[in-house]
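See below for the structure under consideration.
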Amino acid sequence: MGGLMMIIGMTLGWAWGVIVAKAALAARPAADTTRIVEALGRQAAADSQATNVDSSITYQDLIYSGFVLDGRVTAVYFVLILVFIYLMARMRASNPNSQL
């Protein structure tokens, strides 16, 4: 029974993550996304020429350092993850005798 509950929990978490990602992507207009990706490409090419490092590595480095971060997307992720945690805590509080 515990294994089944783990599978259900992982599936529920995955499904909520898909919903959150879709909502977060809808928070940023497509024109902004296109503009940021083009600027990322230009910056990666410039950094690659300046440092003689492969452009894919500088592209990845820029992404990991937060070049494409947007406050709206981050806020949507934060709020919806908190909602999920709250709902799971409410569900757990409404059935306190269940086994973990």
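The values are calculated or read from the model by the stated rules, or taken from the named source; none is laboratory data. Small disclaimer: the values here were computed from a predicted structure and weren't measured. Positions of Cβ are backbone-derived with ideal geometry, glycine not excepted, and every protein chain shown enters the neighbour counts. Just so you know, the surface numbers come from the protein's heavy atoms only, side chains and all, with ligands and any DNA or RNA stripped out. Shrake-Rupley method; radii C 1.70, N 1.55, O 1.52, S 1.80 Å.
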Degrees between helix 55-64 axis and first principal axis of the chain (Cα, 0 to 90, nearest 10): 40
Please give, to one decimal in nm, the separation of the simple spin-label points placed at Y77 and L40, each 7 Å out from Cα toward the Cβ. 1.2
How much accessible area per residue does the chain have, in Å², with a 1.4 Å probe? 76
Can you pull the percent of the chain's accessible area that's carbon plus sulfur, 1.4 Å probe, other chains left in place? 68
If you consider only alpha-carbon coordinates, what radius of gyration and Dmax does the chain have, in Å? 19.8, 62
